[in-house]
1. Output the number of residues of the stretch B:270-299 satisfying the condition of being over 19 Å from the mean Cα position of the chain (by Cα) and either without any contact (Cβ under 8 Å) to a residue 60 or more places away in the chain or on the phi < 0 side of the Ramachandran plot (or both).
2. Looking only at strands (runs of 3 or more DSSP E) that fall completely inside the stretch A:359-431, which ones have 2 or more residues that are touching an Asp or Glu at 6+ places or on another chain (Cβ under 7 Å) and charged (D, E, K, R)?
3. Which of the residues spanning the stretch A:72-83 are surrounded by fewer than 20 Cβ atoms within 10 Å (Cβ to Cβ) and either out of contact with any Gly (no Cβ under 8 Å at 6 or more places or on another chain) or under 17 Å from residue A:342 (Cβ atoms) (or both)?
4. Which of the residues spanning the stretch B:204-219 are more than 11 Å from chain A (Cβ to nearest Cβ), touching a helix residue (DSSP H, G or I) at 6+ places or on another chain (Cβ under 8 Å) and farther than 20 Å from residue B:286 by Cβ?
5. So which residues in the stretch A:375-389 are farther than 16 Å from residue A:413 by Cβ, in contact (Cβ under 8 Å) with a residue 60 or more places away in the chain and buried (at least 16 other Cβ atoms within 10 Å of the Cβ), if there are any at all?
6. Taking the criterion of being within 14 Å of chain B (Cβ to nearest Cβ), part of a helix (DSSP H, G or I) and surrounded by 16 or more Cβ atoms within 10 Å (Cβ to Cβ), would at least one residue in the stretch A:121-141 satisfy it?
7. Quick check: is even one residue across the stretch B:209-222 polar (S, T, N, Q) and either outside the structural domain of residue B:138 (by TED's automatic domain parsing) or part of a helix (DSSP H, G or I) (or both)?
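The values are calculated or read from the model by the stated rules, or taken from the named source; none is laboratory data. For clarity, every value in this text was computed on a predicted model and none was experimentally measured. Cβ coordinates were reconstructed from backbone atoms using ideal geometry, including for glycine residues, and neighbour counts include every protein chain displayed.
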Number of protein chains: 2
Amino acid sequence: MPAPHRSPAPDASLAHRRTDAVLAVRDADGAPLAHADVVVEQVRPALALGNIGFDLVGFANGEEEADTGSPFGGAAPSRGAHLAELFLGLYDTATLPFYWGGFEPVRGRPDTARLQRTARWLADRGVRLKGHPLVWHTLTADWLRDLPTDEVEEAQRARIRREVGDFAGLVDAWDAINEVVIMPVFANEERTNGITRLCRERGRIATVRMAFEEARGANPRATLLLNDFDMSTAYECLVEGVLEAGVQVDALGLQSHMHQGYWGEERTLEVLDRFARFGLPIHMTESTLLSGDLMPPEVEDLNDFRPASWPSTPEGEERQADELVRHYRTLASHPAVEAITYWGLTDEGAWLGAPVGLVRADGTTKPSYDALRDLVRGEWWLPPTTLRTDGEGRVGVAGHLGDYRLTHRGAGADLALAEAGATTVEVALPR
Amino acid sequence: MPAPHRSPAPDASLAHRRTDAVLAVRDADGAPLAHADVVVEQVRPALALGNIGFDLVGFANGEEEADTGSPFGGAAPSRGAHLAELFLGLYDTATLPFYWGGFEPVRGRPDTARLQRTARWLADRGVRLKGHPLVWHTLTADWLRDLPTDEVEEAQRARIRREVGDFAGLVDAWDAINEVVIMPVFANEERTNGITRLCRERGRIATVRMAFEEARGANPRATLLLNDFDMSTAYECLVEGVLEAGVQVDALGLQSHMHQGYWGEERTLEVLDRFARFGLPIHMTESTLLSGDLMPPEVEDLNDFRPASWPSTPEGEERQADELVRHYRTLASHPAVEAITYWGLTDEGAWLGAPVGLVRADGTTKPSYDALRDLVRGEWWLPPTTLRTDGEGRVGVAGHLGDYRLTHRGAGADLALAEAGATTVEVALPR
């Protein structure tokens, strides 16, 4: 049975994301660290802020050629060092590409080692990782088309077990299945792909169950998402059915590719409200806002619109910066939102050639990059700050929930400020 | 678990609806009725063909005033005898109105006796009956608004038990719940109605389960439908979820109010194909085709369009007749379709004032009435026909599946021809 269908109320003050903590600091001998200067700094926010890490795969693997196998994230590896620096200056979470067709174009030859190197490179820099997606009809392996449906299912199950198992401990969050609402009726191709056929014959819920069952079995600690672009009642109905069928979904993924215009605060909250009713955390998995002309409203499948040139414009960049900050504030105001992932750092090689990045194709940052940085590493962030403890070793820290570090004369301790409002946290410094 | 997700193929020849039966006729002593003339006639088709019986409620109750309590079926009782004759000349099935708000406007004073008289009047004339609907947010009882949600649920459950119990044996088919896709997000009113609130708090599937559970308990023999106007993937997702949750749905109800234009054969078959995948019988519960100007395509909620006058036109009437016959042929070609109910016999008091009827407001028939009659009581029908048995009392009958009657010298026997293709049926004449 799903949780009660009531949505928590949004709060623009973000009180639900802020702490007023008292740190009770003790020295290496266990005595209160009284009347001492300590430096406190935020390391990572509790609200995961991410982008796709697709552009960093070639760079992390020391490659020289851009990857043309994916429609998303096609920046040249030579830009990798610069893009990585920009990435780490803003984000703490990355989505990595596991599109089956690109990951295993020839059956039995998966791209595991290359993705593992990328994942390790990012994890070593404190970045949380999510794999996208384990099951999807688009960009799935072409060789599935020739298999009977039972074998498609077996291959799909084995592929889930393999990827989730191979990356456990490194990638512990997965879009278990993507865009199930249209999966069985997807008809944008001449020959039906194997996954659409599987889903049509088995049913949506059976296909979702398969994805979660295999992923859960391969990594019981993983956070597993159901992800969709369909924000209509269709996705609501699907979610209800999946939950009633007893599938354990850890978070709901909502896409928001706004190529046809910013949703605005009202629609964003309306969507969040409808999907928060299920009592599950919400991950905004794929957000985009253009810094150029918008896609005409009559386009139904975004993939159908491919202008020869789609430049970023000065007015578009100002608008993007404004809308981006408004969107992040709106999303953060809703207690159900636990992650916000933007879909594209740079315009170079971006999906559909659209100017969605916070970085121009030439590597310079747009106003949106600076605006978002001012918000998430400024207003929502505690930089290294010197504070003085009282006679009992206590020091107050007000800030956004997340991971912090406290240091005193070269000795440092990590701490998590995970509870909103007034709280006390013990901090023990090492020798 | 739902049935396999495969749809049976349509067949325009209607072979799946026709029988080539041999009747083996015996006389009252059990001897073969050899070399005898018998009259065989069709009494009722297996494919239920219906319309709303709302206009007949006042007439069957000997009333003089038209019922203004419902937006559907507001013809004057004085026209009842004429409309009843036209009804019985075309249809074998009727949908009766159980809108809670009209049926029990004051709590504790349901309109049971009046509807029972109507149901009996129709049943006495061989008409099969369906009640519509047991649960719906629109036209629900206003007094639910003031009750806490738990009491709304209890009242709704009690109302289902009462109506289904009171009418068991007379009304054995029910739209158990109507338009669930939008039920929890329905917002076309100033103060949220009790059923939308219930569905929003409990969830769609829990509300569907409630409806079927109570109705099934009150009449285990009833045919219970899930009914919706939403033909999108949203309804597909809802159906899947309901079936996966173990709710026993006897038939899927699909509405097709075509105020904005005839669907055409292709779309009709596409819709049938998508919903037939679940392996359940399909009832086309609410079909309409206009004999006047179409509603503009940009209207989203049909209820929002109310022209001052909406006349039936000569061109519109020709178009309606053509489309109606095409639509019935298309629906009959699909093996999953078990019932086709049109939504309005006469334009008088029709929903939205639209010219949907097969009869004009002045009581004269439109071309559509005659065209449909030629089809369902002509091409698809066996009128009383004299046939001669062979030396073994056998006689061949080719016709559409349904109930038949065979008579010989004043003695008659009812028989059901229920199996498509070649078959043999024993017929025993009484004394």
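1. 14
2. Ranges flagged: A:402-408.
3. Once the filter is applied, which keeps residues that are surrounded by fewer than 20 Cβ atoms within 10 Å (Cβ to Cβ) and either out of contact with any Gly (no Cβ under 8 Å at 6 or more places or on another chain) or under 17 Å from residue A:342 (Cβ atoms) (or both), the stretch A:72-83 yields A:74, A:78, A:81.
4. B:210, B:214, B:217, B:218, B:219
5. Hits for the stretch A:375-389 are A:376, A:377, A:380, A:381.
6. no
7. There is no residue in the stretch B:209-222 that is polar (S, T, N, Q) and either outside the structural domain of residue B:138 (by TED's automatic domain parsing) or part of a helix (DSSP H, G or I) (or both).
Let's see how each residue does on (1) crowded, with 18+ Cβ neighbours inside 10 Å; (2) under 26 Å from the mean Cα position of the chain (by Cα); (3) without any contact (Cβ under 8 Å) to a residue 12 or more places away in the chain:
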residue: A:154; (1), (2), (3): no, no, yes
residue: A:167; (1), (2), (3): yes, yes, no
residue: A:171; (1), (2), (3): yes, yes, no
residue: A:176; (1), (2), (3): yes, yes, no
residue: A:186; (1), (2), (3): yes, yes, no
residue: A:198; (1), (2), (3): yes, no, no
residue: A:204; (1), (2), (3): yes, yes, no
